Amino acid sequence: MDLTPVTAASVDDVRLRRLLGDPGLAWLVERARRRLEREQPLAGPISLSAPTVEQRAASERLLGRAPGSGRSLSVRLDEVDDLLRRSGISPAGLAAAVVALTGPITLLGTARAEERRAWQEAYISMVALAEEIPALQGWVDRLRGDGLVRRLAGTPAAAADLLGRAATVLRALPVEPPVSIPTFSSQLLGSAHALDDGTPLCTLTLSGVRALTGFPDGGGAQWRRELWASVGLLRDELSSTALTLNLRGTPALDWMADAGEPTVLTLRQLIRFPPLSAPPTVWICENPAVLATAADTYGADSAPLVCLQGQPSAAALTLLHHLHAHGSALRYHGDFDWGGLRIAAALLRRVPWSPWRYTAAHYRAAVRALPTGPPLAGARADAPWDPDLAAALEDSGVRVEEEAVLDDLLPDLLSDLG
C-alpha cells in the first residue's frame, strides 16, 4: 500500500517526544494521524470534549498559554505545525512529527481502492468458471454480493486461494463413476481432508454444487451427504441407495424380480456387482408410491422400474448410467411442480432420457382431469426436454403430484412387457 510521502529523517526525536510525547497530548497526535490517513489538511481547530486536568495542562505547556476553561479543549493544528517548524524540532512540520511518533501513514483512500481491486481480482477464477459453465453464472454473481466469501476468507489473498480451489473442484464435477470424497480430494487438491465438513472450502463448494445441480436447500449431515452424492462424491458406499423393481442381471435381482418385490441396491453393490443384463426400456419415477403401486398391482409382471426418491442419488445415477451404457432406453416421469422439474433437469444432465407422460400436453390433461389441485409454489424452473412445460405450469398455477396420475402411468408398465 502507498505511504504518505513525508519522512521523519529531519525530526529531532528527543525534543519531539518531550514536546508531543506527553500522554496528555495523545489525543491530538491521534487526531492529526487520522487527518493524514484521510488526506485532510493539518489546519484549523480540533476539539476534545470533557478533557482531563492532565490534558489541559499538556496543551498549556505545548502552546505556552492556557487553552481556556470551557467544557471542551480546542487546539489549532496549524499553530502546532508552525511551532514545530520554527523551533526546528520538525522542519517539515506536524505531518513529519506524527510519522516519527506513530509510524508510517497508510492513505485510506488509496488503501481502500487497492483493497477493492484486490477483491475484484480474487474472483478471476470464478469468472473463468462461469464462462466455462454458464449454469453457474448466477451463483458467481451472488457470491460477489452476499458476503459469504468475505466471511469465509477474511482477506482478498485468502479469498483468491479459496475461490481458486473451489473452481478447481466444481470444474471436475460430476464424477463418473462415483468416488469417495477423501480419494477425490487427495487426487485433486493434494489433501484428503480439504473438503472435510466445516472447512471454508467445503462450505463454498457445497454452495456451488447446489447451483450446479438445482439440489434443494437444507442442512445437516444427511443433507450434505446427499448433496455430495448428487455429483458423484461419496461419504461412504452404503448410505447411497437406489430403489428398483423387476431389474435382473444378478442372482439377488433375479430372485426379487421373480417375486415381483421392490429391491434396494446400495452403491457398494452397484459398483462391485452391477447388473449383467439391461432391459430394452427402464421406466423411472420420482416418488416411491408409484413403484409400490406397480409392485402391488402387477408384481412380477411389471416393467422394470427405478425410483429416484427425490434428487438423483449416486447409487441411482450409477445404476441408470450403467443401464443406458448397456442399451436400455430410459423413460422418466416426475411431479409436475418446480421441484420436480429441477430433479428431472438434474437427471437429464447426467443421463439421457425421454419423457414418460411428462410434457406440457400431459400436464394440461392432468389439470383438466383433477377437480382441484394444490397451488404451485417456489421459484420457476425450466424443462429442457419440453420448453412449453414450464410455461404451462405458470399458466395453470397448479401442482400435480405423481400419485394423482397413477391411473395413467400404471398401464404403461404392463403394456411395455408385450
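Output the residue which, of all residues in region 152-175 that are in a loop (DSSP other than H, G, I, E, B) and out of contact with any helix residue (DSSP H, G or I) (no Cβ under 7 Å at 6 or more places or on another chain), is modelled with the lowest pLDDT. Full working, then the answer.
Taking region 152-175 and keeping what is in a loop (DSSP other than H, G, I, E, B), we get 154-155, 172-175.
Imposing the further condition that a residue be out of contact with any helix residue (DSSP H, G or I) (no Cβ under 7 Å at 6 or more places or on another chain) reduces the set to 154-155.
On the way: GLY154: 85, THR155: 88.
Selected residue: GLY154.
What number of residues in region 354-407 are at positive phi and either of a type in the set (D, E, K, R) or buried (at least 19 other Cβ atoms within 10 Å of the Cβ) (or both)? Steps first, answer last, please.
At the first step, the residues of region 354-407 found to be at positive phi are 357, 378, 397.
Add one more test, that the residue is either of a type in the set (D, E, K, R) or buried (at least 19 other Cβ atoms within 10 Å of the Cβ) (or both), and what stays is 357.
Of the residues in region 354-407, 1 are at positive phi and either of a type in the set (D, E, K, R) or buried (at least 19 other Cβ atoms within 10 Å of the Cβ) (or both).
Do we find a residue being outside the structural domain of VAL351 (by TED's automatic domain parsing), at pLDDT below 90 and closer than 22 Å to GLN311 by Cα anywhere in region 180-196?
Yes, region 180-196 contains a residue that is outside the structural domain of VAL351 (by TED's automatic domain parsing), at pLDDT below 90 and closer than 22 Å to GLN311 by Cα.
Just checking, how many residues over region 268-307 are over 28 Å from VAL405 (Cα atoms) and either outside the structural domain of TRP356 (by TED's automatic domain parsing) or in contact with an Asp or Glu (Cβ under 6 Å, 6 or more places away or on another chain) (or both)? Walk me through how you get there before you give the answer.
Applying the first criterion (over 28 Å from VAL405 (Cα atoms)) to region 268-307 yields 268-277.
Going one step further and asking which of them are either outside the structural domain of TRP356 (by TED's automatic domain parsing) or in contact with an Asp or Glu (Cβ under 6 Å, 6 or more places away or on another chain) (or both), we end up with 268.
Looking only at that region, the number is 1.
For the subset of region 66-97 comprising residues that are hydroxyl-bearing (Ser, Thr, Tyr) and modelled with pLDDT of 90 or more, which member is surrounded by the fewest Cβ atoms within 10 Å (Cβ to Cβ)? Before the answer, list the steps.
Initially, region 66-97 is screened for residues hydroxyl-bearing (Ser, Thr, Tyr), giving 69, 72, 74, 87, 90.
Next, only the ones that are modelled with pLDDT of 90 or more stay: 87, 90.
Details: SER87: 13, SER90: 29.
Out of the qualifying residues, it is SER87.
Please specify each residue of region 35-60 satisfying the condition of being out of contact with any strand residue (DSSP E or B) (no Cβ under 8 Å at 6 or more places or on another chain), surrounded by 13 or more Cβ atoms within 10 Å (Cβ to Cβ) and assigned to a helix (DSSP H, G or I).
Of everything in region 35-60, those that are out of contact with any strand residue (DSSP E or B) (no Cβ under 8 Å at 6 or more places or on another chain), surrounded by 13 or more Cβ atoms within 10 Å (Cβ to Cβ) and assigned to a helix (DSSP H, G or I) turn out to be ARG35, LEU36, ALA57, ALA58, GLU60.
Going through region 324-339 one residue at a time, which ones are crowded, with 18+ Cβ neighbours inside 10 Å, in contact with a strand residue (DSSP E or B) (Cβ under 9 Å, 6 or more places away or on another chain) and either of a type outside the set (Lys, Arg) or at pLDDT below 95 (or both)?
As a first pass, look at region 324-339 and keep what is crowded, with 18+ Cβ neighbours inside 10 Å: 328, 330-339.
Next cut, in contact with a strand residue (DSSP E or B) (Cβ under 9 Å, 6 or more places away or on another chain) only: 328, 330-337.
Those that are crowded, with 18+ Cβ neighbours inside 10 Å, in contact with a strand residue (DSSP E or B) (Cβ under 9 Å, 6 or more places away or on another chain) and either of a type outside the set (Lys, Arg) or at pLDDT below 95 (or both): SER328, LEU330, TYR332, HIS333, GLY334, ASP335, PHE336, ASP337.
If only one of ASP254, ASP236, ASP258 is of a type outside the set (Lys, Arg) and outside any helix (DSSP H, G or I), which one is it? Spell out how you get there, then give the answer.
Numbers: ASP254 fails: outside any helix (DSSP H, G or I); ASP258 fails: outside any helix (DSSP H, G or I).
Exactly one of ASP254, ASP236, ASP258 is of a type outside the set (Lys, Arg) and outside any helix (DSSP H, G or I), namely ASP236.
I'm told HIS321 meets every condition in (1) within 20 Å of PRO174 (Cβ to Cβ); (2) assigned to a loop (DSSP other than H, G, I, E, B) except one. Can you identify the failing condition by its number?
The number of the failed condition is (2).
Does any residue of region 188-196 turn out to be surrounded by 15 or more Cβ atoms within 10 Å (Cβ to Cβ) and assigned to a helix (DSSP H, G or I)? Reasoning before the result, please.
From region 188-196, those surrounded by 15 or more Cβ atoms within 10 Å (Cβ to Cβ) are 188-189, 192, 194-195; that's our starting set.
This time we only want the ones that are assigned to a helix (DSSP H, G or I), so: 188-189.
Yes - at least one qualifying residue is present in region 188-196.
Identify all residues within region 128-164 that are hydroxyl-bearing (Ser, Thr, Tyr) and more than 18 Å from THR199 (Cβ to Cβ); write none if there are none.
Applying the first criterion (hydroxyl-bearing (Ser, Thr, Tyr)) to region 128-164 yields 155.
Those that are hydroxyl-bearing (Ser, Thr, Tyr) and more than 18 Å from THR199 (Cβ to Cβ): none in region 128-164.
Quick check, is LEU265 buried (at least 20 other Cβ atoms within 10 Å of the Cβ), in the same structural domain as LEU320 (by TED's automatic domain parsing) and assigned to a strand (DSSP E or B)?
Numbers: buried (at least 20 other Cβ atoms within 10 Å of the Cβ): yes; in the same structural domain as LEU320 (by TED's automatic domain parsing): yes; assigned to a strand (DSSP E or B): yes.
It is true that LEU265 is buried (at least 20 other Cβ atoms within 10 Å of the Cβ), in the same structural domain as LEU320 (by TED's automatic domain parsing) and assigned to a strand (DSSP E or B).
Can you name the residue in region 228-261 that is closer than 24 Å to ALA130 by Cβ and touching a strand residue (DSSP E or B) at 6+ places or on another chain (Cβ under 9 Å) and, of all such residues, is surrounded by the fewest Cβ atoms within 10 Å (Cβ to Cβ)?
Initial filter on region 228-261 (closer than 24 Å to ALA130 by Cβ): 228, 230-233.
If we keep only those that are touching a strand residue (DSSP E or B) at 6+ places or on another chain (Cβ under 9 Å) too, we end up with 228, 232-233.
Working: TRP228: 26, GLY232: 21, LEU233: 26.
Residue satisfying both the conditions and the ranking: GLY232.
Only one of these is under 30 Å from LEU234 (Cα atoms) and touching a strand residue (DSSP E or B) at 6+ places or on another chain (Cβ under 8 Å): VAL75, VAL175, VAL169, VAL149. Name it.
Numbers: VAL75 fails: under 30 Å from LEU234 (Cα atoms); VAL169 fails: touching a strand residue (DSSP E or B) at 6+ places or on another chain (Cβ under 8 Å); VAL149 fails: touching a strand residue (DSSP E or B) at 6+ places or on another chain (Cβ under 8 Å).
Step by step, each of VAL75, VAL175, VAL169, VAL149 is checked, and only VAL175 is under 30 Å from LEU234 (Cα atoms) and touching a strand residue (DSSP E or B) at 6+ places or on another chain (Cβ under 8 Å).
Being touching a residue at least 60 places away in the same chain (Cβ under 8 Å), within 30 Å of VAL398 (Cα to Cα) and assigned to a helix (DSSP H, G or I), is that true of even one residue in region 268-276?
From region 268-276, those touching a residue at least 60 places away in the same chain (Cβ under 8 Å) are 271; that's our starting set.
Narrowing further to those that are within 30 Å of VAL398 (Cα to Cα): none.
There is no residue in region 268-276 that is touching a residue at least 60 places away in the same chain (Cβ under 8 Å), within 30 Å of VAL398 (Cα to Cα) and assigned to a helix (DSSP H, G or I).
Only one residue in SER90, SER125 is out of contact with any strand residue (DSSP E or B) (no Cβ under 9 Å at 6 or more places or on another chain), among the hydroxyl-bearing types (Ser, Thr, Tyr) and in a helix (DSSP H, G or I), so which one is that? Full working, then the answer.
Details: SER90 fails: in a helix (DSSP H, G or I).
The conditions single out SER125.
The values are calculated or read from the model by the stated rules, or taken from the named source; none is laboratory data. Owing to the predicted nature of the structure, the values given are computational and were not obtained by experimental measurement. FYI the Cβ positions are ideal-geometry reconstructions off the backbone, even for glycines, and counts take in every protein chain you see.
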